[in-house]
Amino acid sequence: MAYLLRFLIVLMVLGIGLTASKALGWVDIQFGHIQLAIVAFLYTIFAQAFVMFYFIGISRLVMNVYEILHGQTNLNELFDNPPEDLEPYMKKVKKFVQDADRCKRQTIPWTMLMLVLGSIAFLLGGAHDTNLVSKTTHSGVVYGFIVAMLIGFFRQWYYLKVGHILLRKLKTLFEIPDGQM
């Protein structure tokens, strides 16, 4: 899943890059930058929603395992034959909870900033098109969006790897099949 999400965010950066390149006059293609912006920003919303819910899902899964271990109820959801000593599992899962929470805290704020700045830039583009705001206002917010998107892209790229490894470790520890969460 992490590889799919990495592919989605690469496409997002390429789409926004093409849109900005068209707006700056660097490329000459059939579509205008307004048409490209509509598609690129809708796609950005789509890709960022997937990334955000991936990290929320990892965090929720790890927290559910943590609660099962500490409540010592429904242990047969994790084990075929629950062991007597759960302490080694509790230590590892506590570390997994911290790592999953860190992944979520390091990526979701950038996702939200991208979506907010992108929405404002999109609306200001319409306002500029109708002569309600100057071009510099729209361009400034777009540049802010692009910077937030690039910072968020690299953070998401890194933490997608961390989250993927975390899921592998958790699933290996409890012998959970790869296709199951």
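Annotations
- Relative contact order for the chain, counting Cα pairs under 8 Å that sit 6 or more residues apart, in percent: 26 percent
- Base-10 log of normalised Debye intensity for the stretch 31-136 (one unit scatterer per alpha-carbon) at q = 0.15, 0.20, 0.24 Å⁻¹: -0.74, -1.00, -1.19
- For Thr137, the accessible surface of its heavy atoms amounts to roughly 60 Å² (probe 1.4 Å, protein chains only, rounded to the nearest 10).
- Whichever aspartates and glutamates have a C-alpha closer than 18 Å to that of Lys22, once near sequence neighbours (fewer than 8 apart) are set aside: Asp129
- Counted charge near Ser59, where neighbours are those whose Cβ lies closer than 10 Å (Asp, Glu -1; Lys, Arg +1): +2
- As a fraction of the 1.4 Å probe accessible area of the stretch 129-169, surface on carbon and sulfur atoms comes out at 67 percent.
- For Leu166, solvent-accessible area (1.4 Å; no DNA, RNA or ligand), Å²: 10 Å²
- Kirkwood hydrodynamic radius computed over the chain comes to 18.4 Å, based on all pairs of distinct alpha carbons.
- For the stretch 118-171, the pair-distance distribution built from all alpha carbon pairs, in bins 10 Å wide starting at 0, is 24, 29, 19, 16, 10, 2 percent.
- Normalising the Debye intensity of the stretch 26-77 to I(0), with uniform scatterers on Cα atoms only, and taking log10 at q = 0.20 Å⁻¹ returns -0.77.
- Solvent-accessible surface (1.4 angstrom probe) belonging to Lys95, in square angstrom, nearest 10: 100 Å²
The values are calculated or read from the model by the stated rules, or taken from the named source; none is laboratory data. None of these values were measured; they are calculated from a predicted model. Using ideal geometry, Cβ is built from the backbone for each residue, glycine included, and neighbour counts are taken over all protein chains shown. For the accessible areas, the whole protein counts, side chains as well, though only heavy atoms, and no ligand, DNA or RNA atoms are used. Shrake-Rupley method; radii C 1.70, N 1.55, O 1.52, S 1.80 Å.
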